[in-house]
Amino acid sequence: MELKLPKGGALKVAKSGAFTAKAAKLSCPAGSPSACAVGVKVSAAKKPKAQLGASQLKVAPGKTVSLSGKLSKAGLKKLLAAGQIKARIAVTGKVPGGETVLGSLSAKLTPKRR
């Protein structure tokens, strides 16, 4: 499993709470027996370090995808109330029967405007 995470940036969060970090790439080795599992946890960077959301995704063997995730309803409510939140996004990738890769990135979350 390979993680390519940028140092930081800004992410737009949709009304549903979904976000995608296009600069962050996750790839699963071609020799993997099945899809790699990726866990994404989003928490506020400043105190109180509240959990804003968590999600999981799968990456097919030999494929590369952008990092995506979703905020919880409570996390989205906090974001809308604050207007923007500095967050830490922790990523855990696991190859079936193999290595586990950890990484994180900092990002400023802002709601998408229509």
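Computed over the chain, relative contact order equals 35 percent, with contacts defined as Cα pairs under 8 Å that lie 6+ residues apart.
Using Cα atoms only, what is the angle between the long axis of helix 73-82 and the major principal axis of the chain, expressed in degrees (0 to 90) to the nearest 10? Approximately 50 degrees, to the nearest 10.
So which of Lys63/Lys94; Lys12/Lys94; Lys47/Lys86; Lys63/Lys108; Lys12/Lys86 end up more than 18 Å apart by C-alpha? Walk me through the intermediate numbers first.
Working: Lys63/Lys94 14 Å; Lys12/Lys94 27 Å; Lys47/Lys86 11 Å; Lys63/Lys108 28 Å; Lys12/Lys86 12 Å.
Violating the 18 Å limit, Cα to Cα: Lys12/Lys94; Lys63/Lys108.
With the helix formula -39500 (n - 2.57) applied to DSSP H stretches of n ≥ 4, the chain reaches a computed 222 nm mean residue ellipticity of -2500 deg cm²/dmol.
Starting from the coordinates of the alpha-carbon atoms of region 2-111, obtain the Kirkwood hydrodynamic radius over all distinct pairs and give the value in Å to one decimal.
Numbers: mean 1/r = 0.0709 Å⁻¹.
The Cα-based Kirkwood calculation yields 14.1 Å.
Each Lys and Arg adds +1 at its Cβ and each Asp and Glu adds -1 at its Cβ; summed about the Cα centre, region 2-111 shows a dipole of about 580 debye. For region 54-62, backbone phi angles converted through the Karplus equation (6.51, -1.76, 1.60; θ = phi - 60°) give residue-by-residue couplings of 8, 7, 10, 9, 10, 10, 5, x, x Hz, Gly and Pro being listed as x.
All of the numbers you see were taken from the coordinates with simple rules; none came from a lab. If you're wondering where the values come from, they're calculated on a predicted model, not measured in any experiment. Every residue, glycine among them, receives a Cβ derived from its backbone with ideal geometry; neighbour counts consider all protein chains shown.
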